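Visitor: Before we start, here is the structure in question, set down as C-alpha cells.
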Amino acid sequence: MTPKRRNRVILIVLVLAGVGVAVGFALKAFNENLMFFYQPSQVIAGEAPAGRLIRVGGLVTNGSVERQPDGLTVQFAITDNVDTITVQYTGILPDLFREGQGIIARGRLGDDRLFIAEEVLAKHDENYMPPEVADALKASQEAGAGTGNAQ
Amino acid sequence: MIPELGHFALILALAMALVLAIMPMIGSLSNTPSWVALARPLAWGQFTFLLIAFACLVNAFLVNDFSVTYVAQHGNTRLPNIYKISAVWGAHEGSLLLWAFILSGWTLAVALFARQLPDVMIGRVLAVMGMISIGFLSFMLFTSNPFARTFPVPLEGGDLNPLLQDFGLAIHPPMLYMGYVGLSVAFSFAIAALVGGKLDISWARWSRPWTTVAWVFLTIGITLGSWWAYYELGWGGWWFWDPVENASFMPWLAATALIHSLAVTEKRGAFKRWTVLLSLLAFSLSLLGTFLVRSGVLTSVHSFAADPARGLFILIFLCIVIGGSLVLYAWRAPNVTSGGEFSALSRESLLLGNNLLLIMITAFILLGTLAPLIYDAFGWGKISVGFPWFNTMFVIFTPFLVLLMGLGPLTRWKQQDAADLVRQFRIALLASLGAGLLAALPLLHEGSVYAGLAVMLSVWLTTTLLLSLRKRLRHRQGFGAFLKDIRARGGGSYYGMLLAHFGVAVFTIGVTFVTLFDVEKDVRMAPGETLELAGYTFRFDGVEKIQGPNYRADRGTLHVSRHGQDVAVLKPEKRTYLVQTRPMTEAGIDAGFFRDIYVSLGEALDAGSWSLRLYYKPLVRWIWLGGILIAIGGLLAAFDRRYRLAVRRDVAATAAPPGDALATEGPA
Amino acid sequence: MSRKLRYLVPLAVFLLLAGLLFRGLSLDPKLVPSPLIGKPMPAFTLPRLQDPDATISDADLRGEVFLLNIWATWCTACRAEHDVLLQLARTGKVKLYGLNYQDQRPDAQRWLRQLGNPYVANAFDADGRTGIDWGVYGAPETFVIDRDGIIRHKHIGPLTVEVVNRDILPLIETLKSGRS
C-alpha cells in the first residue's frame, strides 16, 4: 500500500468505527426513551406495562378533579368514553387544564392501576385535541357503535 | 380597496417571479445576455410589489380592517400597535407573506451586493431564487390568501394569540425566516454552479459570506426563540425538543456543517461534492421544517392550524425543489473533479470529522422528530420520543465535536505532524483536565461527572483558542499585529471563528450547569409565609387583581432576600386575555449573570393561598450569551474584507489558489 | 457504474422521506370522517336548557335542514366561535340548535344572556351521555343534519367565518334545494 492509500484506509476505518459506535449508542438510547401511548380502556384491559414510562390520554371526567389537603397533589379521572382511569399528579397543572378537555399525562402506571403522572400536558392552542386522544376516542366510539349494531 | 391593492401586488410579484425564474436561466444557457440582464430589474420589481403587499397587510391591521378575514381572526382594536404589526406574521397566511417578502429581499440583496460576480452566474442564482419564490407565492395565492375578505364584517377581531403578544416573539419569526430563507441563497448558488457544471473554488468563495449571514440570522432566531420560551411559556424551560424547535435546529446544524465545509472547499478545493450536497441539504431542511410546522403531520407547542390541503401543496413543492435539485446533483456531481489531497491528520480531516458529527446529530434529531410519524404510518402504535433521548444524543456527540473544535485551529491544512500537534496542545490538555477535576471534586454528588466534563471541554476549547491566537500573532510580529488587524478591519473570519467557538464554550457551561444544578419546587404558600430555596428566602405577599390593556390578571408579589439582604421583588402574573379568554402564566424573573430566580403563579387555593413554582437557575443566561457570541462571531466572519477583495480578484484572474494568509495562521 | 449510482443515494433517501410524509398527511386525524356521517342522527330526549321542565328530542328537530352545535361554557374555543354562530343565526339561512354538553345550567344560561343566544333551542346534556352517542370527543363540534334526519357533515373545532362560507353554507344550500 502506498502511504497515500494507507492514509485513506486509516481515515475510513476511523470514521466507520466512530459512526458505528455512535449509531449503536443512539439506537439503544432511542429504544429506552420510546414512550408508547395508551388509552384508558387499554390500561384497564391490562395492555399497558406497569412501571415503565408511558403516556396516557383522554378527556378529564367532569367533577373528578380532587385536591389533596397539601394543595398540590391532584387526582383526576380521564376517560376514552369506554373506561376511566385515575391519574395522580403533584405539582402545578398547565393553564389549559380543564374538566372535559383532552389531556396527555406522562408517567408510570402503579400496581393498582393508579397512574402517577410526572407531567400533564394540555396544549397551548384552544383548538387542540391531542391527536392520540382524538384517535383513541374515535376508535373506542367506533367499537362501541359496532357492538351497538350487533345487539 | 387597500387589501385589493395588496392582493394585486401579490399577483404582480408572482408574475415577476415567473419571468425571473425563466428568462435569465434560458438566457444563460442560450448565451443571450439581454435575457440574463433582466434578472436584476426583475428582482427589484418582485421586491417592490411584495413590499407593497406587506405594507397593505400591516395597514389593514393598524386600521382594524376586519373585512379582511386574516385581520378579523388575529387583529383586535385593543391590541397595542406593536402587536398589531407583529400580528401580521402571527399566523399562517401572514407569516407566509413575511416569508415571501424576505425571500424577495434576499433576492434583491444578491442582485445588489454581488456586483462583482459574472452576469451569467448572477442570472442563474436569481432565476433559482425566482423558482422558489413562485412556489411560495402561488402557495399563498391559491391556498392561503392573506387578503381574502369576509362578510358580514365582524365588529371586533379574534385577537392575537396571547402567547405571541410579546416583544421577543414579535421579532423571533422575522429573524428565523431571515435564516431559513437566507439558506436559499446558498442553495441557489449550488444549483447555479451545478447547472453551469463549474464547481470551482470561486463558487465556494461567493457562497461563503451569504451562507454565513443566513446562519447568523438562524442563530439569532433560535436564541431568541429559546429565550422567549423561557420567560413566556412560564415554566422555565429553554428548549423542549419540540418538532418546531427541531425544525429550526436541523437547518442550523446543516448550515454549521456547510460553513465549515465551504471553508475547506474554498481554501483547498476539497469536499466539493459534499459541500454542494450540504448546500442543498441545509435549505431542504428549512423547507421540511416549514412542511412539518404547517401541514399538521406532527403536533407541537407552536404549530399553525393544521390543514391537509396546504400540507399536500407544500409536499408537492418540496418534491419539486428538493427532488429536482437532487436529480441535478446525481446528474452533475459525478463529473466534478475531486481536488486537494490530504492526509489522515490534517485540518481537512478534522473538519470532515466535524461535518460527520454535525450531520449525524442532524440525522438523529430528524429520526427522533419523525419517529412518531413513522410508527403511526406502519401501525406500530402511538409513541413519542422523550426529551432524554435528544439530550443523550448531545451528551454522546458534543464532547467529540468540542475536542475537534479545539484541535482544528491548531492543525495545518493538508498534513499535520502528530507529535508537533501534541506539543502544541499539551498545555491546553493539562489545563482542561485540571479544571475538569477541580470542578468535579467539590461537587461530589450526582451530576458532578458531567459538570467536570463540561468544564473540561470549555477550558479545553478556550485554551486552544488562546494558543491558536498566540501562534497567529507570533507569526505576525506579536501584539502589534493584533492592533494592525483591528485597524485594517482584517482577519474578520479568523477572529469571528475565535469568538464563535468561544461562544460554544460559554453555551456548554450554561447548559450543563442549568441542567444539573437548577432547583425547582412546587409549593403552596399563604400570604406572609416564607420559604427557603437554594439559599434564598421567598416571602409571599399575596395576590392582587390588576387590569392590563387587553387582559385582566392576578398579580402575586414575592420578596426575595438572601442573608437578610433584599435581592428582588418578583411579580408573577396569571393573565386572562379578554378576547381569547385563556389563562396565561407570566413569570416573575430576577435575571443575573450567575443565576436567575424565577417564580410562576399556579392557581388560587383556599384562603388566599396559591400554588407557586419557584426556580433557582444557575448560569442560565450563559446559554443565550453563548448564542449571541456565536452570532457576533459569524457576523465578523461574514464581513471579512477579503471576500469583497477576493471576489474582485477572482473575476480578474480566476481560480488561482487562495494563498490567503489571514484565516490560516499556519506557516506555509 | 456504481460510482454514478452513489450520487443517487441522497435522492433515494429523500423519496423515502417524501413517501412517509405523504402517508403522514393522510393520517391526519382531522381528515378521517366521522363514522356517523350518512347515518341517521342518534335518538335522544333531554331537558331543555332554558326550561328544565320541558324536554326536547330528536323528533322535535326533524323535518328541515338544521345545525347542531355542541358547546359548553368551560370550552375556550366555544367562546371563539360564538360570534360566528351569532352571525350565522342572523342570516336566517339555517336553524341552529345547541347541545349544551357536560355543563352547569346556571353557567350556560348566563353565557347566553351575556353573549347573545344564536340557538333556536338548547338541549341540556349534563352527564354527556347524548354527547357520547353523537361521537363527540371535544367541544365545540357542529353537525349538519338534513331534513330526513341524516347527519351530512361534522365539523370538529370552532367554526370560523371561512369554514362557514366554504363548507357549511354551500352544503346547506344543496341540502335545501335537493329533493332527496
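Visitor: B:THR362 is checked against (1) more than 7 Å from chain A (Cβ to nearest Cβ); (2) more than 23 Å from the chain's Cα centre (by Cα); (3) farther than 15 Å from A:GLY18 by Cα and fails just one. What number does that condition carry?
Guide: Evaluating B:THR362 over (1) more than 7 Å from chain A (Cβ to nearest Cβ); (2) more than 23 Å from the chain's Cα centre (by Cα); (3) farther than 15 Å from A:GLY18 by Cα leaves (2) as the failure.
Visitor: Let me ask something else about it. Could you list all residues from the range B:70-96 that are part of a helix (DSSP H, G or I) and among the small types (Gly, Ala, Ser)?
Guide: Initially, the range B:70-96 is screened for residues part of a helix (DSSP H, G or I), giving B:70-74, B:81-89, B:92-96.
Answer for the range B:70-96, where residues must be part of a helix (DSSP H, G or I) and among the small types (Gly, Ala, Ser): B:ALA72, B:SER86, B:ALA87, B:GLY94, B:SER95.
Visitor: Among residues belonging to the range B:621-642 that are touching a Leu at 6+ places or on another chain (Cβ under 7 Å) and not aliphatic (A, V, I, L, M), point out the one that is surrounded by the most Cβ atoms within 10 Å (Cβ to Cβ).
Guide: As a first pass, look at the range B:621-642 and keep what is touching a Leu at 6+ places or on another chain (Cβ under 7 Å): B:629, B:632-633, B:636, B:642.
When the remaining residues are screened for being not aliphatic (A, V, I, L, M), the result is B:633, B:642.
Details: B:GLY633: 25, B:ARG642: 19.
For the range B:621-642, the residue satisfying everything is B:GLY633.
Visitor: Follow-up question, since we're still on this one. Look at B:TRP206 and say whether it is part of a helix (DSSP H, G or I), of a type in the set (Phe, Trp, Tyr), within 23 Å of B:THR508 (Cα to Cα) and not assigned by TED's automatic domain parsing to the domain that holds B:LEU117. Steps first, answer last, please.
Guide: On the way: part of a helix (DSSP H, G or I): yes; of a type in the set (Phe, Trp, Tyr): yes; within 23 Å of B:THR508 (Cα to Cα): no; not assigned by TED's automatic domain parsing to the domain that holds B:LEU117: yes.
In short, no.
Visitor: State all residues of the range A:83-103 that are among the aliphatic types (A, V, I, L, M) and either out of contact with any helix residue (DSSP H, G or I) (no Cβ under 7 Å at 6 or more places or on another chain) or surrounded by fewer than 16 Cβ atoms within 10 Å (Cβ to Cβ) (or both); if no residue qualifies, say none.
Guide: In the first step, residues of the range A:83-103 are kept if they are among the aliphatic types (A, V, I, L, M); the result is A:85, A:87, A:92-93, A:96, A:103.
A:VAL87, A:ILE92, A:LEU93, A:LEU96, A:ILE103 - these are the residues of the range A:83-103 that are among the aliphatic types (A, V, I, L, M) and either out of contact with any helix residue (DSSP H, G or I) (no Cβ under 7 Å at 6 or more places or on another chain) or surrounded by fewer than 16 Cβ atoms within 10 Å (Cβ to Cβ) (or both).
Every residue, every condition in (1) on the phi > 0 side of the Ramachandran plot; (2) among the β-branched types (Val, Ile, Thr); (3) within 14 Å of chain C (Cβ to nearest Cβ), yes or no:
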residue: B:SER349; (1), (2), (3): no, no, no
residue: B:LEU366; (1), (2), (3): no, no, yes
residue: B:LEU370; (1), (2), (3): no, no, yes
residue: B:ASP376; (1), (2), (3): no, no, yes
residue: B:GLY379; (1), (2), (3): yes, no, yes
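Visitor: I've got another one for you. Any residue that is touching a helix residue (DSSP H, G or I) at 6+ places or on another chain (Cβ under 7 Å), facing another protein chain (nearest Cβ under 10 Å) and not in a helix (DSSP H, G or I) - is there at least one of those in the range C:138-152?
Guide: Yes, because at least one residue in the range C:138-152 is touching a helix residue (DSSP H, G or I) at 6+ places or on another chain (Cβ under 7 Å), facing another protein chain (nearest Cβ under 10 Å) and not in a helix (DSSP H, G or I).
Visitor: Look through the range B:390-406, keep the residues that are modelled with pLDDT of 85 or more and at the interface with chain A (Cβ under 9 Å from one of its Cβ atoms), and return whichever of them is surrounded by the most Cβ atoms within 10 Å (Cβ to Cβ).
Guide: Looking at the filtered set, the residue picked out is B:PHE390.
Visitor: Residues to consider are B:PHE54, B:PHE66, B:PHE61; find the one that is of a type outside the set (A, V, I, L, M) and without any contact (Cβ under 8 Å) to a residue 40 or more places away in the chain.
Guide: On the way: B:PHE54 fails: without any contact (Cβ under 8 Å) to a residue 40 or more places away in the chain; B:PHE66 fails: without any contact (Cβ under 8 Å) to a residue 40 or more places away in the chain.
The conditions single out B:PHE61.
Visitor: Checking A:ALA77 against (1) surrounded by 17 or more Cβ atoms within 10 Å (Cβ to Cβ); (2) within 14 Å of chain B (Cβ to nearest Cβ), which test does it fail?
Guide: (2)
Visitor: Within the range A:40-58, is there a residue that is more than 7 Å from every other protein chain (Cβ to nearest Cβ) and polar (S, T, N, Q)?
Guide: yes
Visitor: I'm checking my understanding of the structure. Among residues of the range A:24-39 that are without any contact (Cβ under 8 Å) to a residue 12 or more places away in the chain and either among the aliphatic types (A, V, I, L, M) or more than 8 Å from chain B (Cβ to nearest Cβ) (or both), which one is nearest to A:ALA122 (Cα to Cα)?
Guide: Result: A:LEU34.
Visitor: Restricting attention to the range B:326-345, which residues are of a type in the set (S, T, N, Q) and modelled with pLDDT under 75? Give the derivation first.
Guide: Within the range B:326-345, the subset of a type in the set (S, T, N, Q) is B:335, B:337-338, B:343.
Of everything in the range B:326-345, just one residue is of a type in the set (S, T, N, Q) and modelled with pLDDT under 75, namely B:SER338.
Visitor: Still on this model: Has the range B:397-415 got at least one residue that is among the aromatic types (Phe, Trp, Tyr), farther than 24 Å from A:ALA105 by Cα, outside any helix (DSSP H, G or I) and touching a helix residue (DSSP H, G or I) at 6+ places or on another chain (Cβ under 8 Å)? Spell out how you get there, then give the answer.
Guide: Start the filter on the range B:397-415 by keeping residues that are among the aromatic types (Phe, Trp, Tyr), which leaves B:397, B:400, B:413.
Among the residues that remain, those that are also farther than 24 Å from A:ALA105 by Cα are: B:397, B:400, B:413.
Checking the rest, the ones that are also outside any helix (DSSP H, G or I) come to B:413.
Next cut, touching a helix residue (DSSP H, G or I) at 6+ places or on another chain (Cβ under 8 Å) only: B:413.
Yes, the range B:397-415 contains at least one residue that is among the aromatic types (Phe, Trp, Tyr), farther than 24 Å from A:ALA105 by Cα, outside any helix (DSSP H, G or I) and touching a helix residue (DSSP H, G or I) at 6+ places or on another chain (Cβ under 8 Å).
Visitor: I'm checking my understanding of the structure. Among residues of the range B:147-165 that are farther than 20 Å from C:LEU169 by Cβ and either surrounded by fewer than 19 Cβ atoms within 10 Å (Cβ to Cβ) or among the hydrophobic types (A, V, I, L, M, F, W, C) (or both), which one is nearest to the other protein chains (Cβ to nearest Cβ)?
Guide: Applying the first criterion (farther than 20 Å from C:LEU169 by Cβ) to the range B:147-165 yields B:147, B:155-157, B:159-165.
Now drop any that are not either surrounded by fewer than 19 Cβ atoms within 10 Å (Cβ to Cβ) or among the hydrophobic types (A, V, I, L, M, F, W, C) (or both), which leaves B:147, B:155-156, B:160, B:163-164.
Details: B:PHE147: 13, B:LEU155: 8, B:GLU156: 8, B:LEU160: 13, B:LEU163: 6, B:LEU164: 10 Å.
So the residue we want is B:LEU163.
Visitor: If a residue has to be at pLDDT 85 or above and surrounded by fewer than 22 Cβ atoms within 10 Å (Cβ to Cβ) to count, how many in the range C:67-82 make the cut?
Guide: Within the range C:67-82, residues that are at pLDDT 85 or above and surrounded by fewer than 22 Cβ atoms within 10 Å (Cβ to Cβ) number 1.
Visitor: Take the residues of the range B:186-226 that are among the hydrophobic types (A, V, I, L, M, F, W, C) and at pLDDT below 90: which is nearest to B:ALA255 (Cα to Cα)? Spell out the reasoning first.
Guide: Of the residues in the range B:186-226, the ones among the hydrophobic types (A, V, I, L, M, F, W, C) are B:186-187, B:189-195, B:199, B:201, B:203-204, B:206, B:210, B:213-218, B:220, B:222, B:224.
Subsequent filtering for residues that are at pLDDT below 90 retains B:199, B:201, B:203-204, B:206.
Working: B:LEU199: 19, B:ILE201: 18, B:TRP203: 17, B:ALA204: 14, B:TRP206: 16 Å.
My answer is B:ALA204.
Visitor: Just to verify a result, which residue in the range C:95-107, among those that are surrounded by fewer than 20 Cβ atoms within 10 Å (Cβ to Cβ) and at pLDDT below 85, is farthest from the other protein chains (Cβ to nearest Cβ)?
Guide: Only one residue tops the list, namely C:ASP107.
Visitor: Filter the range B:97-134 for residues that are polar (S, T, N, Q) and in a helix (DSSP H, G or I) and give the result.
Guide: If we filter the range B:97-134 for residues that are polar (S, T, N, Q), which is where we start, we get B:104, B:107, B:116, B:133.
Within the range B:97-134, B:SER104, B:THR107, B:SER133 qualify.
Visitor: List the strands (runs of 3 or more DSSP E) inside the range B:543-620, counting only whole elements, that have at least 3 residues being surrounded by fewer than 18 Cβ atoms within 10 Å (Cβ to Cβ) and without any contact (Cβ under 8 Å) to a residue 60 or more places away in the chain. Explain how you work it out, then say what you get.
Guide: On the way: elements: B:551-562, B:565-570, B:573-577, B:583-586, B:588-590, B:595-604, B:610-618.
Of the strands (runs of 3 or more DSSP E) lying wholly inside the range B:543-620, those with at least 3 residues that are surrounded by fewer than 18 Cβ atoms within 10 Å (Cβ to Cβ) and without any contact (Cβ under 8 Å) to a residue 60 or more places away in the chain span B:551-562, B:565-570.
Yes or no, residue by residue, for (1) of a type in the set (D, E, K, R); (2) modelled with pLDDT of 80 or more; (3) assigned by TED's automatic domain parsing to the domain that holds A:GLY46:
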| residue | (1), (2), (3) |
| --- | --- |
| A:VAL82 | no, no, yes |
| A:LEU93 | no, yes, yes |
| A:GLU99 | yes, no, yes |
| A:ARG108 | yes, yes, yes |
| A:ILE116 | no, yes, yes |
| A:GLU132 | yes, no, yes |
| A:ALA136 | no, no, yes |
| A:SER140 | no, no, yes |
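Visitor: So for the range B:566-588 (the condition being modelled with pLDDT of 90 or more, touching a Phe, Trp or Tyr at 6+ places or on another chain (Cβ under 6 Å) and within 18 Å of B:VAL519 (Cα to Cα)), does at least one residue qualify?
Guide: The answer is no, given that none of the residues of the range B:566-588 is modelled with pLDDT of 90 or more, touching a Phe, Trp or Tyr at 6+ places or on another chain (Cβ under 6 Å) and within 18 Å of B:VAL519 (Cα to Cα).
Visitor: Have a look at C:ARG129, C:ARG113 and point out the one that is out of contact with any Ser or Thr (no Cβ under 9 Å at 6 or more places or on another chain), within 14 Å of chain A (Cβ to nearest Cβ), of a type outside the set (Ser, Thr, Tyr) and surrounded by fewer than 18 Cβ atoms within 10 Å (Cβ to Cβ). Reasoning before the result, please.
Guide: Values: C:ARG113 fails: within 14 Å of chain A (Cβ to nearest Cβ).
Within the list C:ARG129, C:ARG113, the selection yields C:ARG129.
Visitor: From the set of residues in the range B:326-345 that are small (Gly, Ala, Ser), touching a residue at least 60 places away in the same chain (Cβ under 8 Å) and at the interface with another protein chain (Cβ under 9 Å from one of its Cβ atoms), which is nearest to B:ALA192 (Cα to Cα)? Walk me through it before giving the result.
Guide: Quick first cut of the range B:326-345, residues small (Gly, Ala, Ser) only: B:330, B:333, B:338-340, B:343-344.
Narrowing the set further to residues that are touching a residue at least 60 places away in the same chain (Cβ under 8 Å) leaves B:333, B:338-340, B:343.
Cutting the leftovers down to at the interface with another protein chain (Cβ under 9 Å from one of its Cβ atoms) gives us B:333, B:343.
Numbers: B:ALA333: 13, B:SER343: 31 Å.
Looking at residues that are small (Gly, Ala, Ser), touching a residue at least 60 places away in the same chain (Cβ under 8 Å) and at the interface with another protein chain (Cβ under 9 Å from one of its Cβ atoms), I get B:ALA333.
Visitor: Please work out which one of (1) within 13 Å of chain A (Cβ to nearest Cβ); (2) without any contact (Cβ under 8 Å) to a residue 12 or more places away in the chain is the condition C:GLY92 fails and give its number.
Guide: (1)
The values are calculated or read from the model by the stated rules, or taken from the named source; none is laboratory data. Here the structure is a predicted model, which means the values were calculated and not measured. As a convention, Cβ positions derive from the backbone with ideal geometry for all residues, glycine included, and neighbour counts pool all protein chains shown.
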